[in-house]
Amino acid sequence: MLIKINSINKTDNKTIEKIAAELTGGKIAILPTSTIYGLSCIYNSSKAVERIYEIKQRKKDLPFIVLISKPEHINLLTEEKNKTADRLINKYWLSKKPEPLTLVFKKNKDLNNFITGSKDTVAIRLDCHPLIREVIDICGPIISTSATISGTSSSPKNIEEIPVDVRNRVDLIVDCGVNLSGVASTILDITGNKPVIIREGKLKFEEIRKKMKLLLY
């Protein structure tokens with residue numbers, strides 16, 4: 001099923017509810033995010049997550065990012081937050097112009113291993129894309145991973161850049177009608193006393209160092 005949206009900021013409630021219902025029902029969707037088009041499903045469905053591993057041809061020990069729409073969702077996924085996490089969340093997630101920053105936390109002990117690659121951590125991002133936030137407000141956190149085959153360097157900015165094999169195996173495709181940035185999120189591990197650099201994306205580490213007066217390792 002293909003849903004085309006001409007103006008993300010004016011997406012009607014029925015469309016939002018339909019997308020959320022599909023995800024809640026265990027369906028796999030290609031969705032626009034604030035960075036690239038991603039493969040998504042509800043975070044707590046092992047069958048749906050298994051399908052995404054198969055579609056991407058991804059190794060089972062590689063975890064996924066979980067997208068949330070509000071800080072309260074963090075409590076579903078993590079064991080604890082520290083002061084550094086609070087500072088980064090307030091600056092980059094809750095600002096008037098949120099940045100694509102993914103934070104790695106110690107995971108909640110009750111969180112199933114199938115989305116974390118059996119690691120004791122979980123990667124989370126509060127995504128600023130209006131559509132994604134409204135959908136997650138209804139269905140809860142979703143996993144997100146680039147809508148590509150694992151091991152390729154593609155970062156799809158539009159539907160046409162997504163491999164046909166991937167498009168043909170999902171239940172729902174949401175086309176927002178415009179090119180996304182095509183630049184992945186920046187990832188910081190904040191499980192310890194010192195933030196650890198995992199991946200640099202659109203948000204540059206030097207900017208974080210200067211604005212937050214943090215030492216990154």
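The values are calculated or read from the model by the stated rules, or taken from the named source; none is laboratory data. Keep in mind that what you see is a predicted model, and the values were worked out from it rather than measured. With ideal geometry, Cβ positions are generated from the backbone for all residues, glycine too; neighbour counts draw on all protein chains shown.
Might you check whether a residue that is among the acidic types (Asp, Glu) and in contact (Cβ under 8 Å) with a residue 40 or more places away in the chain occurs anywhere in region 31-52?
So in region 31-52, the residues among the acidic types (Asp, Glu) come out as 50.
After this cut, where a residue has to be in contact (Cβ under 8 Å) with a residue 40 or more places away in the chain as well, the list is 50.
Scanning region 31-52, I find at least one residue that is among the acidic types (Asp, Glu) and in contact (Cβ under 8 Å) with a residue 40 or more places away in the chain, so the answer is yes.
Residues in region 77-115 that are of a type outside the set (Val, Ile, Thr), over 23 Å from Arg58 (Cβ atoms) and in a helix (DSSP H, G or I): 9 in all. Restricted to region 103-125, and to residues there that are under 18 Å from Ile187 (Cβ atoms) and of a type in the set (Gly, Ala, Ser), the residue that is surrounded by the fewest Cβ atoms within 10 Å (Cβ to Cβ) is Gly117.
The numbered conditions (1) touching a helix residue (DSSP H, G or I) at 6+ places or on another chain (Cβ under 7 Å); (2) under 20 Å from Lys211 (Cα atoms); (3) of a type in the set (A, V, I, L, M) are all true for Ile138 except (2). Kindly indicate the residue of region 156-187 that is polar (S, T, N, Q) and crowded, with 19+ Cβ neighbours inside 10 Å and also nearest to Ile208 (Cα to Cα) among those meeting that condition. In this case the residue turns out to be Thr186.
Among what's in region 116-162 and is assigned to a helix (DSSP H, G or I) and over 16 Å from Ala29 (Cα atoms), pick the residue that is modelled with the lowest pLDDT. First the steps, then the outcome.
Going through region 116-162, the residues assigned to a helix (DSSP H, G or I) turn out to be 130-139, 159-161.
From what is left, the residues that are over 16 Å from Ala29 (Cα atoms) are 130, 137.
Numbers: Pro130: 90, Asp137: 96.
Out of the qualifying residues, it is Pro130.
Search region 188-202 for residues that are within 15 Å of Asp86 (Cβ to Cβ) and pair each with any residue that is among the acidic types (Asp, Glu) and modelled with pLDDT of 85 or more when their beta-carbon atoms are under 8 Å apart and the residues are at least 6 apart or on different chains. As it stands, the answer is Pro195/Asp189, since those pairs meet every condition given. Screening Tyr53 against (1) in a helix (DSSP H, G or I); (2) under 21 Å from Thr152 (Cβ atoms); (3) out of contact with any helix residue (DSSP H, G or I) (no Cβ under 9 Å at 6 or more places or on another chain) leaves a single unmet condition, (3). The lone criterion from (1) modelled with pLDDT of 95 or more; (2) in contact with a His (Cβ under 7 Å, 6 or more places away or on another chain) left unmet by Thr102 is number (2). Here Asp127, Asp165 are screened, and the one residue that is among the acidic types (Asp, Glu), closer than 16 Å to Arg58 by Cβ and in contact (Cβ under 8 Å) with a residue 12 or more places away in the chain is Asp165.
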